[in-house]
Structures are given as structure tokens and as C-alpha cells.
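The values are calculated or read from the model by the stated rules, or taken from the named source; none is laboratory data. No experiment lies behind these values; they were computed from the predicted model shown. Cβ sites come from the backbone with ideal geometry, for glycine too, and all protein chains shown count toward neighbours.
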Amino acid sequence: MPVVPYHGLGSVVAYGHFFGASEPTMRVHAPHPNQLDGKRYPVLPGGGNAAGNGLVPFVPGTLGQTYTKTSHPLPDEKHPRAAMLAVRDHGSVSHMSVHGMSGFRMENGIWLFETDRPLVPWVESIVRVEARNEAQDIEPHRISFVRLIAGRIVYLDFQ
């Protein structure tokens, strides 16, 4: 399948025949701008060292921070795409909740949450951790966000 640049505005080149080829052509888009700083980042070439070429290996964001946090593998009896979250709150939170996860507080003061269903590949798995003083409180007094990793227990120090 020939690869041609996309000329925009519903280009016939992108949808029709190109130089007599009988199969459809594939569009090549320009890199997407980063929503945070508005700069355009180059697309990685096939193979080679991206850092050596002066290219950014991924669009900056929080993904790099996720894998620098402490995490451990799940026990073998759990589903391979399940995820768990261990939250340490230093004993200051009486009620904690995470949407899409069920959990409890252990005797050592760590909250342990497990996903209700396995994580779906290619879908963001960022959860909102809410701390409340009382179970009847409508608004949480502290909120934190964390990205779950399939097959891992992610640790969060909730301060």
C-alpha cells in the first residue's frame, strides 16, 4: 500500500488512486500538538535511537511518573489484568473511596483497593481517590489521582 502525504480538505490523493495504484492509499498525518505546551513533537523514525536523534520518545505527561512509583506484582491467583491500589494515609482518614474499586482498611492502617473488573487494554485507567471525614460527607476533603497498572499493586502515599 503506497504511503502519501495527506494534503487536507478531503484530498483525492488520500482517498483515491495514486499514480495508477489500484489499492487505497494510507494517510500520513502531521504529529499531534501537545495540549500542555502547544509545541509539535516529531514522529519517531522506524528503528534507531530516538534520544540520539534528538527526538522526544513520547509526548510529555504523567505516564512516565506512573512507572517510577513503587509497585509490586499481583498474587498469582488474581486475574492478570486486574489492578490493586495500596494507599497509606498516616491514620488521618476515616473514610476513603475509589471509583470502580472495592477495598478496606487493614489493621496496619493501609487501605487496599482492588478493581471490580479487569482493566481494558489501551484504555486509560486513572482513578480518583477521595478521602472523607465522615461517611455522610458530600464533598471529599482530599482528592488524589493515580494511574493503575494491569497486573500490579500500585502504592500511593496520601498526604
Collect the residues in the range 130-143 that are surrounded by fewer than 17 Cβ atoms within 10 Å (Cβ to Cβ) and assigned to a loop (DSSP other than H, G, I, E, B), keeping them in residue-number order.
Asn133, Glu134, Ala135, Gln136, Asp137, Ile138, Glu139, His141
List the pairs whose first member sits in the range 66-77 and is more than 13 Å from Glu114 (Cα to Cα), whose second member is in a loop (DSSP other than H, G, I, E, B) and β-branched (Val, Ile, Thr), and whose Cβ atoms are under 7 Å apart, counting only residues at least 6 apart or on separate chains?
Thr66/Ile149; Ser71/Ile149
Meets criteria (over 19 Å from Thr70 (Cβ atoms), surrounded by fewer than 14 Cβ atoms within 10 Å (Cβ to Cβ) and over 15 Å from the mean Cα position of the chain (by Cα)) for Pro80:
yes
Qualifying position, being of a type in the set (Gly, Ala, Ser), at pLDDT 85 or above, out of contact with any Cys (no Cβ under 6 Å at 6 or more places or on another chain) and more than 18 Å from Pro73 (Cα to Cα), among Ser92, Ser125, Ser97
Ser97
Does Leu119 satisfy the condition of being within 22 Å of His72 (Cα to Cα) and in contact (Cβ under 8 Å) with a residue 60 or more places away in the chain?
no
Show the residue pairs meeting these rules: Cβ distance below 7 Å; 6+ apart or different chains; first residue within the range 85-104 and outside any strand (DSSP E or B); second residue among the β-branched types (Val, Ile, Thr).
His99/Val127; Gly100/Thr115; Gly100/Val127
Say we look at the range 83-99 and pick out the residues that are within 13 Å of Leu148 (Cβ to Cβ) and of a type in the set (A, V, I, L, M); which of these is surrounded by the fewest Cβ atoms within 10 Å (Cβ to Cβ)?
Ala86
Determine, yes or no, whether Leu148 is within 13 Å of the chain's Cα centre (by Cα) and surrounded by 16 or more Cβ atoms within 10 Å (Cβ to Cβ).
yes
Would you check if there is a residue in the range 109-129 being in contact with a Pro (Cβ under 6 Å, 6 or more places away or on another chain), crowded, with 16+ Cβ neighbours inside 10 Å and among the acidic types (Asp, Glu)?
no
If you go through the range 105-119 one residue at a time, how many are part of a strand (DSSP E or B) and farther than 15 Å from Ser144 by Cα?
5
